[in-house]
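> Quick one: the structure is below, and I'll ask about it shortly.
The values are calculated or read from the model by the stated rules, or taken from the named source; none is laboratory data. Model, not experiment: these values are computed from the prediction. With ideal geometry, Cβ positions are generated from the backbone for all residues, glycine too; neighbour counts draw on all protein chains shown.
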Amino acid sequence: MVSTSLLPLESPSPAYICPYDQACSYLEEAARELKLDQNILEVLSNPRKVVTVSIPVKRDDGEVQVLAGHRVQHCDILGPYKGGIRYHPAVTLREVSALAMLMTWKCALVGIPYGGAKGGIAIDPKRYSIGELERITRRYTSELLKDIGPSVDIPAPDMGTSAREMAWMMDTYSVNVGHAVPGIVTGKPLSIGGSRGREMATGRGVMIVVREALRDLGNLVIGTRVVIQGFGNVGSAAALLLHEAGAKVIAVSTGSGGVFAEKGLDIPALKAYAAENHRSVVGFPHAEPISNAELLTLPCDVLIPAALENQITEENADQVQAKIVAEAANGPVTLEANRALDARGIIVLPDILANAGGVVVSYLEWVQGLSYVFWDEDRVNRELEYLMVHAYRQVIQQSKARQIPLRVAAYTLGVGRVAQALSDRGLYP
Ligand code: NAD
């Protein structure tokens, strides 16, 4: 086991799966396959910088609450750090660190010149007013002023954050440096330099790799039975695009529960329903209720976990009845569950490939911002399509050439490129 000295140990319950240990296990598996130098592995196992800041926030009733905000920068060997900001009650420093590492491999895999980072605050955004969320976001940004920047570290939305939070971050950073800096974040509104196609990008990337995997199995998207856990930014976009391509999305869930319709759900109507019902799908007419646990084991062609980590574990992997599992969320399938699915011949499209569409279009947004030339949505989608299909093909090729599962193949490509760059650059001093 490599040493990870910057991160504190957590004292979890026996069932707890440490996301950072899990991320290191994937890295070590790729390192074994690549016969990577132990010194390089040691460097890549540790984040380069771990920042935790205090965020005192005045609640609407006058009470002051002090929150902890994290930003972890894993590796900037290939370019500036890049990664989302998550607002979710389960955020921990180790989780943020694992997600930062994942970003490093993801960017390298799809061939974009970024390193991995991630940020997060352990709050349930639903329990805060818009004013409170704005104060939290602005204070968090101002505490990180020295650590972020358009050529240093560029945040983006993740769970619980959206274009709105990115606009607040961009404004706070710009006011502090004295001029507008649109390149400080991606996933921002179009009015301040956002990219067309960014909102749907992660879901579109999921749709593209699912379509390619179905094609490799000799199947079409039309008529494919799809189940999706999570109906937020990623899940709802993937659902809509697959629905438009002719798939039957038979079940969808949110944190409060799910809905099932054998004939397929009317996804545009479901999106409109969720928008009016606090982002929940529960109670949607013409559908039966279903729990999140039941949803994951429904018979279907494609299962898309698009919510949280560790949803498919040793406990339920043997009950999964899909031909393809596409990891739209980060880390929804545990290491052991992945092995069990592989053994049953179920194709697992790994997160660093399946959900890379978001960071690809974030990169395209950054490129447009730097060149002051903005593209129409077709151009953005074409570039995304090219990069996603190219990465998918490379993963398939690597898997076949080395006779390894898709996740290991994706990791060997991502880790291998970063390791090569590290070895070419050398270690300072
Ligand atoms: P989001 O906050 O927009 O949506 C999350 C969804 O998950 C919501 O529908 C929520 O109700 C649901 N959910 C929460 N807890 C749940 C539970 N216990 N069971 C079932 N559903 C639950 O978040 P998002 O941006 O769609 O991100 C989802 C996942 O995708 C995360 O793992 C994130 O890291 C990953 N991801 C997001 C992006 C992006 O561009 N937003 C990019 C890459 C990866």
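> Would you be able to say whether some residue in the stretch 42-55 is without any contact (Cβ under 8 Å) to a residue 60 or more places away in the chain, in a helix (DSSP H, G or I) and outside the structural domain of VAL91 (by TED's automatic domain parsing)?
yes
> Further question: Going through GLY345, GLY369, GLY357 one at a time, which residue ends up being in the same structural domain as GLN321 (by TED's automatic domain parsing) and among the small types (Gly, Ala, Ser)?
GLY345
> Additional query: Check whether at least one residue in the stretch 293-300 is over 21 Å from the mean Cα position of the chain (by Cα), among the hydroxyl-bearing types (Ser, Thr, Tyr) and either surrounded by fewer than 18 Cβ atoms within 10 Å (Cβ to Cβ) or more than 18 Å from VAL226 (Cβ to Cβ) (or both), and report yes or no.
yes
> Follow-up. So, in the stretch 168-225, exactly how many residues are within 16 Å of the ligand (Cβ to nearest atom) and either assigned to a loop (DSSP other than H, G, I, E, B) or small (Gly, Ala, Ser) (or both)?
Final tally of qualifying residues: 12.
> Can you say whether ARG164 is in the same structural domain as GLY120 (by TED's automatic domain parsing) and basic (Lys, Arg), as far as the supplied structure shows? Outline the logic, then answer.
Values: in the same structural domain as GLY120 (by TED's automatic domain parsing): yes; basic (Lys, Arg): yes.
Considered against the rule, which asks whether it is in the same structural domain as GLY120 (by TED's automatic domain parsing) and basic (Lys, Arg), ARG164 comes out as yes.
> Let me ask something additional. Looking at the stretch 105-126, is at least one residue buried (at least 24 other Cβ atoms within 10 Å of the Cβ), more than 15 Å from VAL50 (Cα to Cα) and of a type in the set (Val, Ile, Thr)?
Checked the stretch 105-126: at least one residue is buried (at least 24 other Cβ atoms within 10 Å of the Cβ), more than 15 Å from VAL50 (Cα to Cα) and of a type in the set (Val, Ile, Thr).
> Right, something else. Considering ALA356, ALA269, ALA343, which residue is at pLDDT 95 or above and within 23 Å of the chain's Cα centre (by Cα)?
ALA356
> Taking LEU145 as the residue in question, decide whether it is at pLDDT 95 or above, outside any strand (DSSP E or B), under 30 Å from ARG393 (Cβ atoms) and not hydroxyl-bearing (Ser, Thr, Tyr).
no
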